[in-house]
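*Asks:* Got a structure for you, questions after.
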Amino acid sequence: MQLALNQLAAHLHKGLRPLYTLYGDEPLQQQEAADAIRAAARAAGHTERSVHTVQGAHFDWSAVLAAGGSLSLFADKQLVELRIPSGKPGKDGSAALQQLAAHAAQDEHTLTLVTLPRLDAQTKKGAWFAALEANGVTMAIDPIERAALPTWIAQRLAQQGQRVASGEAGQRTLQFFADRVEGNLLAAHQEIQKLGLLQPEGELSYEVVEQAVLNVARYDVFKLSEAVLSGNLPRAMRMLDGLQAEGTAEVLVHWTLAEDIRNLKRAKDALAGGQPLPMVLRGLRIWGAKEKLFERVVPRLTPNAAVRLLHSAHLVDGIVKGLPADGWPRDSWQALRKLAMDMASALQAAPARRTPLRAES
């Protein structure tokens, strides 16, 4: 059974199914959907919870299959969570998932929640995913389109009793907010919560939103971006330490660095194709202080370095989601520090020196 995200609340109000599968690459909405299912499960008496994260080819699937029959003496219902960060369970995992899905409908004491990243069309045709879909509820968590982000922000503000002005002034405020977070819902969520703490309920002016969003945080992931691009490694490391101490989500920090890497690669490719850099940066919606930094570092970045950074960002994406990578720290924050250092090193490389012309004799 497929379920849309906006149908989840009504679905849970009617009652729980024994098996849920969430998949997608929007971490905030996936986390909130999982939290809603967990809350409904607790309310329904699923007081015991176990979590299994699939890592590597030698994962013990028998422990997952046995979990349903291993209730403690203090609980009559349980919630079993299965996280597969890679989205690829493998041959043994495929068989185990099919068995788990078939058993779920017959086990009224166990609710199983499976979380996955975004899946391609071929993976969704696999036997294991078909079994999950046939025996439970599946929900795709897709990113919110950029054009819909202002409406999403307005809805979140309304949930905490706040709103922007009506008409064009309010739309300008929402557009500024959307531009500031560049489509990242975790960043938007964080800024909205800050406004809820700093401002009373009621209407928020453009000036209030601008001041709160730009200045409230001591350690700002967007300022971290500027520190790395400018090659100020001591400042970047201090900011990473501060972000970690403040409990900032690793996935948000990674997104900020990875988005810069993606834009650097796009700008480098466009520049190699003969496009003027100022036009390229406008197309990428890069302006202000960051525009000046990009103008300085893009010509210095070699094509090979851009490819290496893109690959590194991909590996760190897996690390912050629990998937280790060879040659990289297992700790998410240490991996983010290494990525930031690699970026700064690649961007501060001296530009190629021109061969001097020989003096005419």
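The values are calculated or read from the model by the stated rules, or taken from the named source; none is laboratory data. No experiment lies behind these values; they were computed from the predicted model shown. Note that we place each Cβ from the backbone using ideal geometry, even for glycine, and neighbour counts take in every protein chain shown. The protein model used for the area step is the full one, side chains on, heavy atoms only, and it has no ligands, DNA or RNA in it. Shrake-Rupley method; radii C 1.70, N 1.55, O 1.52, S 1.80 Å.
*Asks:* Just to be sure I understand: with springs between alpha-carbon atoms less than 10 Å apart, which residue in Ala335, Ala66, Ala96 has the highest mean-square fluctuation in the Gaussian network model of the chain?
*Replies:* Ranking Ala335, Ala66, Ala96 by mean-square fluctuation puts Ala66 first.
*Asks:* For a bin width of 10 Å, list the pair-distance distribution of the chain built from all Cα-Cα distances, rounded to whole %.
*Replies:* 5, 20, 26, 25, 16, 6, 1, 1, 0, 0
*Asks:* Shifting gears a bit: Taking springs between alpha-carbon atoms closer than 10 angstrom, which of Leu28, Leu12, Leu347 fluctuates most in the Gaussian network model of the chain?
*Replies:* Leu12
*Asks:* So how tilted is helix 167-181 from the main axis of the chain? Cα-based, degrees 0 to 90, rounded to 10.
*Replies:* 90
*Asks:* Jot down the per residue volume, in cubic angstrom and as a whole number, of the convex hull over the alpha-carbon atoms of region 226-281.
*Replies:* Working: hull volume 4.2 nm³, N = 56.
In region 226-281, the Cα hull volume divided by residue count equals 74 Å³.
*Asks:* Helix 149-159 sits at what angle to the longest principal axis of the chain, using alpha carbons and giving 0 to 90 degrees rounded to 10?
*Replies:* It works out to around 60 degrees.
*Asks:* Once you list every other residue whose beta carbon is under 14 Å from the beta carbon of Trp328, what net charge do they have if Lys and Arg are +1 and Asp and Glu are -1?
*Replies:* Values: positive: Arg308, Lys321, Arg330, Arg337, Lys338; negative: Glu250, Asp317, Asp326, Asp331, Asp342.
Here the charged neighbours net out to 0.
*Asks:* Kindly provide the GluC sites (Glu not before Pro) of region 148-207 that DSSP labels as loop, not H, G, I, E or B, and whose Cβ sees at most 14 other Cβ atoms within 10 Å. It would help to have the intermediate numbers written out before the result.
*Replies:* On the way: sites: Glu168, Glu182, Glu191, Glu201, Glu203, Glu207; in loops: Glu182, Glu201.
Of the GluC sites (Glu not before Pro), the ones in loops of region 148-207 whose Cβ has at most 14 other Cβ atoms within 10 Å are Glu201.
*Asks:* Would you kindly find the accessible area of Lys223, with a 1.4 Å probe and non-protein molecules such as ligands, DNA and RNA excluded, rounding to the nearest 10 Å²?
*Replies:* 80
*Asks:* So what's the gap between the Cα centers of region 7-70 and region 127-188, to the nearest angstrom?
*Replies:* Here the two parts' Cα centres lie 23 Å apart.
*Asks:* At 1.4 Å probe size, with every protein chain present, just tell me what the per residue accessible area of region 221-361 comes to in Å². Please report the intermediate quantities before stating the final value.
*Replies:* Numbers: 7690 Å² over 141 residues.
The answer is 55 Å² per residue.
*Asks:* Right, next: Any of Lys91/Lys265; Lys223/Lys321; Lys124/Lys338; Lys125/Lys265; Lys194/Lys292 with alpha carbons more than 26 Å apart? Name them for me.
*Replies:* Values: Lys91/Lys265 36 Å; Lys223/Lys321 23 Å; Lys124/Lys338 34 Å; Lys125/Lys265 33 Å; Lys194/Lys292 29 Å.
Those over the limit are Lys91/Lys265; Lys124/Lys338; Lys125/Lys265; Lys194/Lys292.
*Asks:* Once ligands and nucleic acids are excluded and a 1.4 Å probe is used, how much of Asp107 is accessible, expressed in Å² to the nearest 10?
*Replies:* Roughly 20 Å² of Asp107 is accessible to a 1.4 Å probe.
*Asks:* Okay, moving on. Build a GNM of the chain with springs between Cα atoms under 10 Å: which of Asn232, Asn263, Asn304 gets the top mean-square fluctuation?
*Replies:* In this elastic network of the chain, the residue with the biggest mean-square fluctuation among Asn232, Asn263, Asn304 is Asn304.
*Asks:* Would you mind giving the average projected area, over all directions, of the Cα convex hull of region 189-277 in nm² with one decimal?
*Replies:* Working: hull surface 30.3 nm².
One quarter of the hull surface, i.e. the mean projection, equals 7.6 nm².
*Asks:* Also, I was wondering about something else. Any idea of Trp255's accessible area? Nearest 10 Å², probe 1.4 Å.
*Replies:* We get 50 Å² for Trp255.
*Asks:* Using only the Cα atoms of region 68-177, each taken as one equal point scatterer with no solvent, compute I(q) by the Debye sum, divide by I(0), and report log10 of the ratio at q = 0.13, 0.24 Å⁻¹.
*Replies:* Each listed q corresponds, in turn, to -0.69, -1.30.
*Asks:* Using the Cα atoms of region 272-350 to build a convex hull, what is its mean projected area in square nanometres? Working shown, then result.
*Replies:* On the way: hull surface 24.7 nm².
Seen from a random direction, the Cα hull of region 272-350 projects 6.2 nm² on average.
*Asks:* Relative to the Cα centre, what is the charge dipole magnitude of the chain, using +1 at the beta carbon of each Lys and Arg, -1 at the beta carbon of each Asp and Glu, and rounding to the nearest 20 debye?
*Replies:* Values: 40 positive and 38 negative charges, 226 e Å.
Taking the Cα centre of the chain as origin, the dipole is about 1080 debye.
*Asks:* Still on this model: Let me have the 222 nm mean residue ellipticity of the chain computed from DSSP H runs of 4+ only, each contributing -39500 (n - 2.57), with the sum over all residues rounded to the nearest 500. Before the final figure, lay out each step's value.
*Replies:* Numbers: 17 runs with 205 residues, N = 361.
My calculation for the chain gives -17500 deg cm²/dmol from helical runs alone.
*Asks:* OK, next. If you fit an axis through the alpha-carbon atoms of helix 332-347 and take the longest principal axis of the Cα set of the chain, what angle between them do you get, 0 to 90°, nearest 10?
*Replies:* Relative to the chain, helix 332-347 is tipped by roughly 20 degrees.
*Asks:* Could you check how much of the accessible area of the chain is carbon and sulfur, as a whole percent, using a 1.4 Å probe? Write down the numbers at each step before the final one.
*Replies:* Details: 9740 of 18990 Å².
Carbon and sulfur together cover 51 percent of it.
*Asks:* Here is a follow-up. At 4 °C and 1.567 mPa s, grab the translational diffusion coefficient of region 1-123 from Stokes-Einstein with a Kirkwood Rh over Cα pairs, rounded to a whole number in µm² per second. Before the final figure, lay out each step's value.
*Replies:* Values: Rh = 15.0 Å.
For the chosen part, D equals 86 µm²/s.
*Asks:* Quick one: net charge of Ala140's neighbours, Cβ under 13 Å, K/R +1, D/E -1? Could you put the intermediate results ahead of the total?
*Replies:* Values: positive: Arg118, Lys124; negative: Asp25, Glu26, Asp120, Glu133, Asp142.
Once all neighbours under 13 Å are counted, the net charge is -3.
*Asks:* Moving on. Choose one of Ala140, Gly87, Gly202: the residue whose Cα lies farthest towards the positive end of the charge dipole of the chain (beta-carbon charges +1 Lys, Arg; -1 Asp, Glu; about the Cα centre).
*Replies:* Looking along the dipole axis, the top candidate is Gly87.
*Asks:* Same structure, new question: For region 105-206, which trypsin sites (Lys or Arg not before Pro) are in a loop by DSSP, counting at most 16 other Cβ atoms within 10 Å?
*Replies:* Details: sites: Arg118, Lys124, Lys125, Arg146, Arg156, Arg163, Arg172, Arg180, Lys194; in loops: Arg118, Lys125.
When the trypsin sites (Lys or Arg not before Pro) of region 105-206 are filtered for loop state and at most 16 Cβ neighbours within 10 Å, Arg118, Lys125 remain.
*Asks:* Continuing with this model, one more query. Rounded to a whole number, what is D in µm²/s for region 93-240 from Stokes-Einstein with the Kirkwood radius over alpha-carbon pairs (25 °C, 0.890 mPa s)?
*Replies:* Values: Rh = 18.9 Å.
This corresponds to a translational diffusion coefficient of 130 µm²/s.
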